[in-house]
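What follows is a short report on a single structure.
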Amino acid sequence: MTTQLFTAPPSPQGWSLVLHGGAGGRVEELSLEVAADYSAGLTTAYRAGEAVLAAGGSALDAVCATVEALEDDPLFNAGRGAALTSAGTAELDACVMTGDGRAGAVAACLHARNPVHAARRVLEDSAAVLLVDPPRQLLEDWALTTVERDYFLTPARVQQLRNVQDKVLAGSRHGTVGAVARDTAGRVAAATSTGGMVDQSEGRVGDTPIVGAGTYARDGVGAISCTGHGEAFMQGVVAYDVAARVRYLGTPLDQALVDTVAAELDTRDAIGGLIAVGADGRIVVGHNSPAMFAAYSDGTRLVTHT
Ligand code: ASP
């Protein structure tokens, strides 16, 4: 499989942001079989994080603002409009990590309107790193907005599940969202959020909330957010593998991403994509899948991949 690679140099304003909206088969398979303006959703999410960074805010605030916007957009597989389990339910996973080594994650989260904020509360207010099905009362104690489980369901996702179960559509559809950023203080952060794979078993958890698999950040090295066939990303510890190549081998970030995809995804016959920001603010987007949704600035203008 060939890895398609896109890079942007460190920006003169001193901060950088890149987001993804999933990687998978053809673009129209990435998320939903609906004619919609995915570019508008990517742009809105980019602007949310950009506003934080341009005002001197933290990389953590920026990635959370960007992922929140994508979770709220029903076109993407996260938050409302997430992919459904075989039982027709939404089980949400999310992770946030900061370059100083802190991380928080939730798996099978059922009641947080924005799972990324639940993950952040775990990072900031819990002794744990990963909470499975965090109790609604705890989410409310954290002043998070909670919702009934059917809030996440959309007619398009119900139809998509039916099509997959009736074998009208192929099974493993992707569309997870994520963002990585470097702020003007040089700190990096990553956030990833998903409903998982369409028609997955109830209780199945993929790479997204697993530190080092789908999400990783380390100051002085970079931040990485992944999307694709979660089991391969977990077995290959993919996000961490990219960071380790940079940190221990001195491999440039773009080459590290290509080497990791070859070593850990291609060998498993798995497809997916990664976004990364380097310690210096350079941006890398890479995928061995036919398509990937992404948005970043190339220095002069906003680039969206749809
Ligand atoms: N990686 C996610 C998972 O396996 C799916 C995706 O990226 O779309 O749960």
request  = Select from segment 198-210 the residues that are within 9 Å of the ligand (Cβ to nearest atom), surrounded by fewer than 24 Cβ atoms within 10 Å (Cβ to Cβ) and not polar (S, T, N, Q) and write down the one among them that is farthest from the chain's Cα centre (by Cα).
outcome  = ARG204
request  = Take the residues in segment 216-232 that are over 20 Å from LEU92 (Cβ atoms) and surrounded by fewer than 24 Cβ atoms within 10 Å (Cβ to Cβ), then tell me which one is farthest from the ligand (Cβ to nearest atom).
outcome  = GLY220
inquiry  = Among the listed residues ALA213, ALA191, identify the single one that is crowded, with 24+ Cβ neighbours inside 10 Å, away from the ligand (no atom under 12 Å from the Cβ) and either polar (S, T, N, Q) or closer than 14 Å to ALA94 by Cα (or both).
reply    = ALA191
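Looking at segment 127-159 only, could you name the residues that are polar (S, T, N, Q) and closer than 22 Å to ALA191 by Cα? Walk me through how you get there before you give the answer.
First pass over segment 127-159, keeping only residues polar (S, T, N, Q): 137, 145-146, 154, 159.
Matches in segment 127-159: THR145, THR146.
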key: Candidate set: segment 67-86, residues that are more than 16 Å from the ligand (Cβ to nearest atom) and out of contact with any Ser or Thr (no Cβ under 8 Å at 6 or more places or on another chain); chosen: the one nearest to ARG157 (Cα to Cα)   = ASP72
inquiry  = For the structure I just gave you, tell me whether THR251 is in contact with an Asp or Glu (Cβ under 8 Å, 6 or more places away or on another chain), modelled with pLDDT of 95 or more and assigned to a loop (DSSP other than H, G, I, E, B).
reply    = yes
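For the condition under 16 Å from VAL180 (Cβ atoms), within 13 Å of the chain's Cα centre (by Cα) and of a type outside the set (A, V, I, L, M), what is the one hit in GLY99, GLY22, GLY79, GLY57?
GLY22
To keep it simple, each residue is scored yes or no on (1) surrounded by fewer than 17 Cβ atoms within 10 Å (Cβ to Cβ); (2) in contact with a Pro (Cβ under 9 Å, 6 or more places away or on another chain); (3) under 22 Å from ALA223 (Cα atoms).
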{"residue": "ASP93", "(1), (2), (3)": "no, yes, yes"}
{"residue": "GLY99", "(1), (2), (3)": "no, no, yes"}
{"residue": "GLY104", "(1), (2), (3)": "no, no, yes"}
{"residue": "VAL116", "(1), (2), (3)": "no, no, yes"}
{"residue": "ARG136", "(1), (2), (3)": "yes, no, no"}
{"residue": "LEU139", "(1), (2), (3)": "no, no, no"}
task = Could you please tell me which pairs satisfy a Cβ distance under 7 Å, a separation of 6+ or placement on different chains, a first residue in segment 35-60 that is aromatic (Phe, Trp, Tyr), and a second residue that is assigned to a helix (DSSP H, G or I) and crowded, with 24+ Cβ neighbours inside 10 Å?
result = TYR46/THR66
request  = Filter segment 284-304 down to the residues that are more than 10 Å from LEU19 (Cα to Cα) and outside any loop (DSSP other than H, G, I, E, B), then identify the one that is modelled with the lowest pLDDT.
outcome  = ALA291
ask   = For THR192, which of the numbered conditions (1) touching a Leu at 6+ places or on another chain (Cβ under 7 Å); (2) farther than 21 Å from PRO10 by Cα; (3) of a type outside the set (Gly, Ala, Ser) fails to hold?
value = (1)
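Which one is farthest from the ligand (Cβ to nearest atom), of the residues in segment 233-256 that are over 19 Å from THR192 (Cα atoms) and among the β-branched types (Val, Ile, Thr)?
Step one: of segment 233-256, the residues over 19 Å from THR192 (Cα atoms) are 244-256.
From the residues that got through so far, the ones that are among the β-branched types (Val, Ile, Thr) too are 246, 251.
Numbers: VAL246: 22, THR251: 24 Å.
Among residues in segment 233-256 that are over 19 Å from THR192 (Cα atoms) and among the β-branched types (Val, Ile, Thr), the one farthest from the ligand (Cβ to nearest atom) is THR251.
Consider ALA82 carefully, then state whether it is surrounded by fewer than 24 Cβ atoms within 10 Å (Cβ to Cβ) and more than 19 Å from THR304 (Cα to Cα).
In short, no.
Where in segment 92-206 are there helices (runs of 4 or more DSSP H), lying wholly inside it, with at least 1 residues that are touching a Gly at 6+ places or on another chain (Cβ under 7 Å), free of Cβ contacts under 8 Å to residues at least 40 places away in the same chain and of a type outside the set (S, T, N, Q)?
On the way: elements: 115-125, 136-141, 155-165.
Per the criteria, 115-125, 155-165.
The values are calculated or read from the model by the stated rules, or taken from the named source; none is laboratory data. As the structure is a computational prediction, the values presented were derived from the model and not from experiment. Cβ: placed from backbone, ideal geometry, glycine included. Neighbour counts: every protein chain shown.
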